[in-house]
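Everything below concerns the one structure shown next.
The values are calculated or read from the model by the stated rules, or taken from the named source; none is laboratory data. Just so it is clear, the model here is predicted, and its values are computed rather than measured. Neighbour counts run over all protein chains shown; Cβ positions are idealised from the backbone, glycine included.
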Amino acid sequence: MCQLAEQLRQLAIEAQNNPSNSVARRKALNNLVKLIQGSGQLSRQKRWSQLPNFEEIYQESVNDAFVKFCKSIDNYDPKYPVMAWVNHIFRWCFLDVVSRYRTHTLVSLDDEAAEERLFKEIVEGEAQSKEDVKLFRDFIESDPEGLLRKLHIRRDRNTSLQRILIFLCEGREWKDISITSGHPIPTLSSFYQRSIKKRKVVEYCRKYLQ
């Protein structure tokens with residue numbers, strides 16, 4: 001673990017070990033936020049860079065993410081790097097801000113749904129660290145409420161949303177997934193896109209990843 005990652009982890013633990021609203025916790029959180037801001041490791045959300053008012057959306061998302069991060073510091077698991085957790089929180093906040101702009105300022109998202117972009121950012125993003133992907137994959141594999149296992153293609157319980165997401169986290173191509181599952185690519189792709197757009201799937205992931 002690099003020096004910065006360990007420093008962030010220790011500050012997060014320090015914040016957790018102090019009572020809510022205490023001066024010591026606020027000090028640890030302030031130091032955490034400053035280090036994160038200066039780290040250059042916060043996701044740049046490049047998939048969204050063509051959006052109108054991108055910088056404004058980005059900054060609003062950063063602010064929301066830091067508020068969420070500080071409020072939910074007790075949920076942080078020290079076995080994962082702080083930045084992996086922060087970037088997951090940030091992505092969900094970014095999605096929320098884009099949704100707000102989409103509603104009030106008619107921001108265009110082209111033909112690709114916001115939820116689909118979010119999942120692509122997590123499982124396919126070139127800039128994602130191994131730790132970032134691992135945090136997401138661990139959630140997918142554990143599937144605490146079994147929702148991802150329950151969503152599957154027709155009567156084929158072996159080809160579930162959970163299994164497809166794991167394949168994507170491994171970097172496998174749709175052609176390979178098709179051969180492994182025995183389903184044609186259009187069927188797999190259609191099922192995947194429908195599933196990740198379901199509100200219950202989005203909220204389920206949000207519940208455990210931020």
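For segment 28-73, enumerate the residues that are closer than 21 Å to ASN17 by Cα and under 16 Å from the mean Cα position of the chain (by Cα).
Residues satisfying the conditions are PHE66, LYS68, PHE69, SER72.
Exactly one condition in (1) under 25 Å from PHE139 (Cα atoms); (2) at pLDDT 85 or above is not met by LEU29; state its number.
Single failed check for LEU29: (1).
Looking at segment 34-49, can you tell me whether even one residue there is farther than 28 Å from VAL202 by Cα and buried (at least 16 other Cβ atoms within 10 Å of the Cβ)?
Within segment 34-49 (the criterion being farther than 28 Å from VAL202 by Cα and buried (at least 16 other Cβ atoms within 10 Å of the Cβ)), the answer is yes, since at least one residue qualifies.
Kindly check whether there is at least one residue in segment 42-54 that is part of a helix (DSSP H, G or I) and modelled with pLDDT of 90 or more.
no
Restrict the check to segment 78-89 and report whether at least one residue is assigned to a loop (DSSP other than H, G, I, E, B) and more than 16 Å from LEU135 (Cβ to Cβ).
Scanning segment 78-89 turns up no residue that is assigned to a loop (DSSP other than H, G, I, E, B) and more than 16 Å from LEU135 (Cβ to Cβ).
Can you tell me which of (1) buried (at least 20 other Cβ atoms within 10 Å of the Cβ); (2) out of contact with any helix residue (DSSP H, G or I) (no Cβ under 6 Å at 6 or more places or on another chain); (3) more than 24 Å from ARG199 (Cβ to Cβ) is the one TRP85 doesn't meet?
(3)
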